[in-house]
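A quick write-up on the structure given underneath.
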């Protein structure tokens, strides 16, 4: 009997950044600034993750950059490049996940997505990275105007997927986001690498034979 008949889950709900696709602003700004110290200083003082979180909540790159450039006019060009060259923050897929998706799909699982991400970026990622294009139903924070770990965005994902939360594995590289999914009855996995996720799927009976 194939593993799909004994698996404890029917679907995987994936985060995207640093689960399916690598993401780190340093990948872009290392090309633009002279050394690592300058990169750390720029990302720590100017284009911070706190500033970027507004994009994930639906603020456009242009609007958010305009406010920041008023405070940091000497860095105006570098600030604009955050949006203009955003994809360069993602140099490739996360190692091993595409192959793991092949195995899970063969075992009968379907794939969905729940991601904190600017609305304009997701279509570009689907074109650039095949694992992202495999997601069936995707809930994007930039569209919803709320971000994980707010439980409301998980509720919206569950409602749109049409899957049983108790038979859905949520995968996220941020622990607080992974834990939030359990409050709605989902199984969760704090992602660190493909091998760890593979082990968890095996424990859930996805690859087992009975």
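Among the criteria (1) out of contact with any strand residue (DSSP E or B) (no Cβ under 8 Å at 6 or more places or on another chain); (2) under 29 Å from residue 52 (Cβ atoms); (3) surrounded by 18 or more Cβ atoms within 10 Å (Cβ to Cβ), the one residue 198 does not fulfil is (2). The selection criterion, being surrounded by fewer than 17 Cβ atoms within 10 Å (Cβ to Cβ) and in contact with a helix residue (DSSP H, G or I) (Cβ under 7 Å, 6 or more places away or on another chain), holds for residue 151. Looking across segment 75-90, just one residue is closer than 13 Å to residue 128 by Cα and either touching a strand residue (DSSP E or B) at 6+ places or on another chain (Cβ under 7 Å) or outside any helix (DSSP H, G or I) (or both), and that is 90.
Residue by residue, here is whether (1) surrounded by fewer than 18 Cβ atoms within 10 Å (Cβ to Cβ); (2) not assigned by TED's automatic domain parsing to the domain that holds residue 107 holds:
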residue: 14; (1), (2): no, no
residue: 34; (1), (2): yes, yes
residue: 50; (1), (2): yes, yes
residue: 56; (1), (2): no, yes
residue: 62; (1), (2): yes, yes
residue: 69; (1), (2): yes, yes
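Of the residues in segment 28-39, not one is within 28 Å of residue 169 (Cβ to Cβ) and touching a residue at least 24 places away in the same chain (Cβ under 8 Å). On the basis of being over 26 Å from residue 52 (Cα atoms) and in the same structural domain as residue 99 (by TED's automatic domain parsing), does residue 208 make the cut? So residue 208 does not fit the description; no. With respect to (1) surrounded by fewer than 17 Cβ atoms within 10 Å (Cβ to Cβ); (2) touching a helix residue (DSSP H, G or I) at 6+ places or on another chain (Cβ under 9 Å), the lone exception for residue 145 is condition (2).
Residue 4 meets all of the listed conditions (1) modelled with pLDDT of 95 or more; (2) in a helix (DSSP H, G or I) but one, namely (1).
The values are calculated or read from the model by the stated rules, or taken from the named source; none is laboratory data. As the structure is a prediction and not an experimental result, all values here were calculated from the model. Every residue, glycine among them, receives a Cβ derived from its backbone with ideal geometry; neighbour counts consider all protein chains shown.
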